[in-house]
Amino acid sequence: MPAGEESSIFSRVHESDLLGGVDTATRLPFGVTRYYAGLAASDDPDSDPIAAQFIPRPAEQVVLPYESADPIGDTRWLVVERLIHHYPDRALLLVSDRCATYCRHCFRRHFTGNGGGRVSDAQMDAVCAYLSRTPAVREILLSGGDPLMLSDRDLDAILHRLHAVDQDYLIRLCTRLPVVLPARVTDSLARMLEGHRSVWAVIHANHPREITDDFRLAARRLLQAGVPVANQAVLLRGINDDADTLEALFRSLARAGVRPYYLFQGDLAAGTAHFRVPLEKGIALMRTLRSRLSGLALPTYAVDLPGGAGKVPVESSLIRTEADAYVLRAADGSEHRYPREGLPS
Ligand code: SF4
């Protein structure tokens, strides 16, 4: 998207002075759509659950020793530029570093908004060559950044290239655009996606105030185009870490035809300790929600084990709690520690 076109759509603001002098690991651009900013009831990130997701706070400058710009170990599993192959049957393709709104809790700070831009044709050549010789991959996650920051034409071209490698690939569009800029889900985008087989949208809504009429229209367009929609929320301190808020979020998603899929424990991303919730609290919230919601509206509470050991369901993987860490079992049976932190008040 040309720079002029983008600035006419988004109220992108220069990198905030708040971030001046911050460790590069915590640097994440400031940017928000007018639509999403309009969902905030105030511009105080300490009291408004929408503002808290896009307005940087001084707490971002607090980087704990075990935090990093790559907390889930993307770079450990990078097989060619832009392609992360961690789990045998699926690979994650970083198609754009851009987002329409930069979430202050972003876990992919090593890539998001770093200026890398759109995946190039040469990078796609290498990606497709790798996939051609790796038939175990059955599913491709398009991520970044946000794949819907690409034009319909560029996204269509990427989907065609992937399906030329294997027409049976399941494609996951990992996008926050239906939440922060629902107007991006146009009829023409829906028609383009309808022309491809087996595309799912996995979106990222965290608060019931994000489930607006515009959002519901975007979800309906995707669903009518044969694109199932699932949601991955993040458990965020002061934003959605109470049962009433989560219940309202999951109920309104399910009513909009969007399956609540995961509720993620916050990753150990640099400068995000103020967002994280203790695992005990997450488990207690799930226990309450299980008594209130049917299985259709209840997501799995999961954590990405630090350093790239993989994603596990918290409740069934927690082995024990030690003084300074939770010990969880990964899918391969190995044990991993997730810090029990002294969270800033
Ligand atoms: S939309 Fe995803 S990649 Fe973009 S800032 Fe938010 S969490 Fe990070």
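Quick notes on this one:
- For the range 3-339, pairs of C-alpha atoms spaced more than 32 angstrom apart make up 26 percent of the total.
- Taking all pairs of distinct alpha-carbon atoms in the range 249-345, Kirkwood radius in angstrom: 14.4
- Applying 1/(1 + (r/R0)^6) with R0 = 25 Å to the Cβ-Cβ distance of Arg34 and Ala157 gives a FRET efficiency near 0.30.
- Residue-normalised accessible area of the chain, expressed per residue, 1.4 Å probe, Å²: 41
- Taking the protein heavy atoms of the chain in the context of the full set of protein chains, the accessible area attributed to carbon and sulfur is 52 percent at 1.4 Å.
- Euclidean distance between Cα centres, the range 151-188 to the range 55-126, Å: 18
- Listed peptides 96-107, 64-75, 203-214, 286-297 by packing density, highest first (mean Cβ within 10 Å): 96-107, 203-214, 64-75, 286-297
- Protection proxy ranking for 39-49, 80-90, using the average of other Cβ atoms within 10 Å per residue and placing the highest first: 80-90, 39-49.
- Scattering from the range 144-249 was approximated by placing one identical point on each alpha carbon and applying the Debye formula without solvent; log10 I(q)/I(0) at 0.20, 0.25 1/Å stands at -1.01, -1.42.
- The chain - mean residue ellipticity at 222 nm from DSSP helices (-39,500 (n - 2.57) per run, n ≥ 4, rounded to 500): -8000 deg cm²/dmol
- Placing +1 on the Cβ of every Lys and Arg and -1 on the Cβ of every Asp and Glu, with nothing else charged, gives the chain a dipole about its Cα centre of roughly 800 debye.
- Stretchable slack from Tyr87 to Val62, in nm (0.36 nm times residue separation minus alpha-carbon distance): 5.8 nm
- The chain: antiparallel DSSP beta bridges as a percent of all, rounded to 5: 40
- Residue separation of Asp168 and Ala230 scaled by 0.36 nm, minus their Cα-Cα distance, works out to 20.3 nm of gained length.
- Gyration tensor verdict on the range 168-212 (Cα atoms; rounded if a/c is under 1.5, prolate if a/b is larger than b/c, oblate otherwise): oblate
- The trypsin sites (Lys or Arg not before Pro) of the range 303-345 include none that DSSP puts in a loop with a beta carbon having at most 14 other beta carbons within 10 Å.
The values are calculated or read from the model by the stated rules, or taken from the named source; none is laboratory data. Note that this is a predicted model, so its numbers are computed, not measured. A quick note on method: Cβ atoms are made from the backbone with ideal geometry, for glycine too, and the neighbour counts reach across all protein chains shown. Just so you know, the surface numbers come from the protein's heavy atoms only, side chains and all, with ligands and any DNA or RNA stripped out. Shrake-Rupley method; radii C 1.70, N 1.55, O 1.52, S 1.80 Å.
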